[in-house]
Amino acid sequence: MQEFKHYPVMLKEAVGALECQNGKLYIDATLGGGGYSELILQRISPNGRLISFDVDFDAISAASEKLKDYENLIIVNDSYTNIKKYLAENNIKEITGGIVFDLGASVPQLTSKKRGFSFLSDSKLDMRFNQSANFTAYDVVNDYKEDELVRIFSEYGEERFSKRIAKKVVEIRRKRKIETTKELVDIVFEATPRIKSKIHPATRIFQAIRIEVNHELDNIKNTLNDVLTLLGNNAILSVVTFHSLEDRIVKNFIKYYSREWMGTDGMFDYNPPLLEQINKKPITASEDEIKINPPSRSAKLRIARRINKKQ
């Protein structure tokens with residue numbers, strides 16, 4: 001197994017936002033290498049509780065070893081989309097302290113030659129965070145209709161050459177199945193003009209397919225709505241995103257529930273706000289952090305506090 005090393009982006013800022021208190025319950029929705037979880041545990045011991053979720057077996061194995069000495073930790077091998085279900089099954093009524101999300105893929109996931117996330121090495125088209133899932137990048141590339149490929153390349157990758165790339169994918173797969181990352185990269189190169197850019201031509205296509213395979217945007221939307229009902233009064237929501245699509249969802253969610261009115265069946269009935277927006281502008285990584293961990297350049301942290309919860 002590849003050693004699982006993941007740099008926790010804006011660690012002090014994201015965990016600091018939780019205002020950790022001894023005796024309260026916290027959730028790390030995306031365990032990864034355990035960086036956030038470790039700092040939370042240090043700040044809530046001895047009587048606070050932490051429940052951490054992840055679908056990646058390698059991440060759980062590494063984090064379990066790293067955090068083995070903490071007795072007030074439960075690691076759940078499941079998606080953060082099932083937080084509500086897990087808490088209900090374990091008779092936990094609410095998250096009293098707060099929840100943190102790090103929505104970025106980890107370095108071990110992105111660089112693993114067997115996972116198919118990277119266009120820099122050749123591997124089978126996979127891109128699953130959850131290795132027990134059946135749906136992979138291979139299925140997207142080889143089974144989606146041309147107009148479906150255009151849609152995900154445009155929406156999830158914000159790729160301006162979506163139509164050209166989708167057309168070339170369909171053209172190639174009429175002759176043979178597309179099975180590897182290198183084959184897909186070659187198709188992207190063939191379908192797009194050479195332009196000056198710091199971004200690799202396949203970056204947006206790989207991002208789009210990864211989002212589709214893992215249902216990332218739908219998962220974020222649905223889970224945020226679940227979390228809103230689970231957070232106790234004054235509990236904190238702390239979310240780190242890594243691209244504009246994720247950030248837009250989080251920004252709009254917090255903005256919507258921070259208002260004093262909400263639409264109900266087409267009517268605008270008065271309701272008190274359910275969230276207090278802590279930072280109107282997203283917090284970004286410092287220059288020092290970016291030097292150490294360049295991917296943190298795109299990270300944005302948004303924070304909100306749950307308020308006006310009816311008891």
Within segment 127-149, of all residues that are touching a residue at least 60 places away in the same chain (Cβ under 8 Å), buried (at least 19 other Cβ atoms within 10 Å of the Cβ) and not basic (Lys, Arg), the one farthest from Thr181 (Cα to Cα) is Phe129
Requiring at least 3 residues that are of a type in the set (A, V, I, L, M), the strands (runs of 3 or more DSSP E) wholly within segment 1-94 are 73-77
Given the conditions (1) of a type in the set (Gly, Ala, Ser); (2) closer than 30 Å to Phe253 by Cβ; (3) modelled with pLDDT of 95 or more, every one holds for Gly157 apart from (3)
*So Thr181, is it in contact with a strand residue (DSSP E or B) (Cβ under 9 Å, 6 or more places away or on another chain) and farther than 18 Å from Phe253 by Cα*: yes
Of (1) under 25 Å from Phe242 (Cβ atoms); (2) part of a helix (DSSP H, G or I), Lys196 satisfies every one except (2)
Residues in segment 290-310 that are in contact (Cβ under 8 Å) with a residue 24 or more places away in the chain and out of contact with any helix residue (DSSP H, G or I) (no Cβ under 6 Å at 6 or more places or on another chain) total 11
How many residues of segment 25-44 are among the hydrophobic types (A, V, I, L, M, F, W, C) and in contact with a Leu (Cβ under 7 Å, 6 or more places away or on another chain)? The answer is 4
Taking the condition modelled with pLDDT of 95 or more and open to solvent by less than 30 Å² (accessible area, probe 1.4 Å), does Ile75 pass? no
Exactly one of Ile152, Ile178, Ile205 is assigned to a loop (DSSP other than H, G, I, E, B), touching a residue at least 40 places away in the same chain (Cβ under 8 Å) and out of contact with any Lys or Arg (no Cβ under 9 Å at 6 or more places or on another chain), and that one is Ile178
The residue that is surrounded by the most Cβ atoms within 10 Å (Cβ to Cβ), considering only those in segment 214-255 that are at pLDDT 95 or above and in contact with a Phe, Trp or Tyr (Cβ under 6 Å, 6 or more places away or on another chain), is Val239
When restricted to Ile92, Ile83, Ile60, the only residue buried (at least 20 other Cβ atoms within 10 Å of the Cβ) and modelled with pLDDT of 95 or more is Ile83
For segment 173-184, does any single residue satisfy the condition of being open to solvent by less than 50 Å² (accessible area, probe 1.4 Å), aliphatic (A, V, I, L, M), farther than 12 Å from Leu149 by Cβ and in contact with a helix residue (DSSP H, G or I) (Cβ under 9 Å, 6 or more places away or on another chain)?
-> no
Counted residues in segment 95-114 being at pLDDT below 95, open to solvent by less than 20 Å² (accessible area, probe 1.4 Å) and over 14 Å from the mean Cα position of the chain (by Cα) come to 2
Considering segment 275-289, residues that are in contact (Cβ under 8 Å) with a residue 60 or more places away in the chain and among the hydrophobic types (A, V, I, L, M, F, W, C), and then whichever is nearest to Ser258 (Cα to Cα), we arrive at Ile278
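The values are calculated or read from the model by the stated rules, or taken from the named source; none is laboratory data. Note that the coordinates shown come from a computational prediction; the quantities given were computed from them, not determined experimentally. Here the Cβ is made from the backbone with ideal geometry for all residues, glycine too, and neighbour counts use every protein chain on show. Accessible surface areas use protein heavy atoms only, side chains included; no ligands, DNA or RNA. Shrake-Rupley method; radii C 1.70, N 1.55, O 1.52, S 1.80 Å.
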